[in-house]
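Comments concern the structure below.
The values are calculated or read from the model by the stated rules, or taken from the named source; none is laboratory data. Predicted, not measured: the structure shown is a model, and the values here were computed from it. Methodologically, a virtual Cβ is constructed for each residue, glycine included, from the backbone with ideal geometry; neighbour enumeration extends over all protein chains shown.
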Amino acid sequence: MKRYLYIIVCLSFFAFSSCRKNTQKDPDNYVVESIAKDVVSNEIQELQTIDATASAEFKGKMYNMRMIRKADANLPIVADAQGVRYYDNTISLRINSGDREIINKDFTKNTFASYLEADFLQHAILEGLVFDKVTEYGLMFAASVSYPESDLYVPFHVTVLPNGVLSIDKADLMEDYEPDVEPEQNN
């Protein structure tokens, strides 16, 4: 008899608890709602300004490099999939050897446009340009065009020759890249 009473009490408990109106918010929906409200903003986001220097020796000469990334209000605004808007970046590359200026060039994502699909280019920004290494041809830099603040990017190698001519190649892998032939010269 006690066993039947126990079963009836348990069933009654489940029946009453399932009939009760659920007044608590679903935590998953609450999180999504709060994120959506925080993410979509009228402010235009910008990546941090970066001012980096490096130096390297190439064929007996010392080269001093400076890379400056800045948000550029003169470039078109980029919007991500959630509607968050970003300033695109301009990256300035300056290389000197002694008193001689080797290169003084400003890069935008349009510098790499011929390697990118139109849809990607529309929603991407120029993320970075950093000194990578010395190759047998010159100074190699790693560059990337990416969706803002994401891991989706297209990597590039920019090689600057001693005469100031530069070459741009789309990179498959960032590591272990060494061109087999002399880079094609672009200005």
Checklist line | Residues of the stretch 58-108 satisfying the condition of being hydroxyl-bearing (Ser, Thr, Tyr), under 18 Å from residue 129 (Cβ atoms) and over 15 Å from the mean Cα position of the chain (by Cα) | finding: 63, 92
Margin query: Quick check on the stretch 111-135: of everything there that is aromatic (Phe, Trp, Tyr) and either assigned to a loop (DSSP other than H, G, I, E, B) or out of contact with any helix residue (DSSP H, G or I) (no Cβ under 9 Å at 6 or more places or on another chain) (or both), which residue is nearest to residue 45 (Cα to Cα)?
Written below: 120
Check: Quick one: residue 149 ticks every box in (1) at pLDDT 95 or above; (2) surrounded by fewer than 17 Cβ atoms within 10 Å (Cβ to Cβ) bar one, so which box is it?
Finding: (1)
Next item on the list: Output the residues belonging to the stretch 94-110 that are crowded, with 22+ Cβ neighbours inside 10 Å and assigned to a strand (DSSP E or B).
Entry: 95, 102, 107
Check: Does residue 144 qualify as being of a type in the set (S, T, N, Q), out of contact with any Ser or Thr (no Cβ under 9 Å at 6 or more places or on another chain), within 28 Å of residue 82 (Cβ to Cβ) and at pLDDT 95 or above?
Finding: yes
